[in-house]
Amino acid sequence: MTGPDAFRAALAALDLPPEWQVEVAIRPRRRKTGIQVNPGGGVAVLIPPTVAPEQVARFVGSHRRWIAEKVESATRLAPDHAVKEFVDGEEFDLLGQRYRLQLVDAAPAGAAQLPLITADGVLSVRRQRPELVRRAVIGLYQLVGLAWLRREGRQYELDGHVIGLSYAVRDLGRRRWGNYEEPPKHTTTLHWAVFGLPMQLIQYGLAHEQAHATQPDGRPHGRAWQRRMNLWMPDWRQRQAELAEVGRHCWLGDYKERAGG
């Protein structure tokens, strides 16, 4: 097995742009060399243990233009997620509507519990430590989002002849908007943060995973999946591109403490 230093030396001879931040990672289970461009533009060269350094250098050199294009795109679309401050008047988007945060000491008369949203655009949350406010707001996103998901997902179940599908809303990290898990789980899951996006992008996220739930043959996003998306949402490619731009600015739960707090 050749060590990482030998691969780094071989790649250094290519005089690659320093802003690519090329890293080498030996993967015992890989059979072929691969290149991964990470969010922000960093490049990872994934190497099987049996390949020679000069082979890796030739492979990377032959993909130089492709890497340059991907790095430019990744840098341009690098995440710049919103950071919230849990004070009165902070704005939150939920299912296409904008709400102003209002911290209260008790639920309004007639309200069953907190947090709650009102028709006049108020999001009421119990006054408490910022981390607890954060949890309460995210919990509301999950509750409201799951109800929407179950209701809107039904049309795709019927049209796609999908039986026994379950739904979930949870935190999927910072790189995934949704996920479909095959049987026996047979579950469509969306990230809670999806429900803070514009409605057309929430709809895209649902359609994307429901197309997987029809279990088309072939690659995950191959021709069968694309045919299903073309049928359900003819402008899905436009929405996908919009998600790449809008999604990098959305709120994923980051917050800052109030000055002096």
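The values are calculated or read from the model by the stated rules, or taken from the named source; none is laboratory data. Just so you know, these numbers come straight off a predicted model, no measurement behind them. Reconstructed Cβ throughout: ideal geometry from the backbone, glycine too, with neighbour counts over all protein chains shown. Accessible surface is based on the protein model in full, side chains and every heavy atom, while ligands, DNA and RNA are left aside. Shrake-Rupley method; radii C 1.70, N 1.55, O 1.52, S 1.80 Å.
Output the residue which, of all residues in segment 39-61 that are loosely packed, with under 15 Cβ neighbours inside 10 Å and modelled with pLDDT under 90, is nearest to Arg76 (Cα to Cα).
Gly40
Would you pick out the residues in segment 79-106 that are surrounded by 13 or more Cβ atoms within 10 Å (Cβ to Cβ), without any contact (Cβ under 8 Å) to a residue 60 or more places away in the chain and under 16 Å from Trp192 (Cα atoms)?
Residues satisfying the conditions do not exist here.
So if I check each of Trp225, Trp251, which one is buried (at least 16 other Cβ atoms within 10 Å of the Cβ), under 21 Å from the mean Cα position of the chain (by Cα) and more than 23 Å from Leu94 (Cβ to Cβ)? It would help to see each step written out before you state the result.
On the way: Trp251 fails: more than 23 Å from Leu94 (Cβ to Cβ).
When all the criteria are applied, what remains is Trp225.
Looking only at segment 111-135, filter to residues that are out of contact with any Asp or Glu (no Cβ under 8 Å at 6 or more places or on another chain) and open to solvent by 100 Å² or more (accessible area, probe 1.4 Å); which one of those is farthest from Tyr255 (Cα to Cα)? Give the derivation first.
Filtering segment 111-135 for residues out of contact with any Asp or Glu (no Cβ under 8 Å at 6 or more places or on another chain) gives 111-125, 128-129, 131-135.
Filter once more, keeping what is open to solvent by 100 Å² or more (accessible area, probe 1.4 Å): 112-113, 119-120, 129, 135.
On the way: Ala112: 27, Gln113: 24, Ala119: 25, Asp120: 25, Arg129: 12, Arg135: 11 Å.
Result: Ala112.
Go through segment 78-93 and count every residue that is part of a loop (DSSP other than H, G, I, E, B) and among the charged types (D, E, K, R).
Result for segment 78-93: 3.
Of these, Gln226, Gln238, Gln200, which one is in a helix (DSSP H, G or I) and closer than 30 Å to Glu85 by Cβ? Can you show your working first?
Details: Gln226 fails: closer than 30 Å to Glu85 by Cβ; Gln238 fails: closer than 30 Å to Glu85 by Cβ.
The unique qualifying residue is Gln200.
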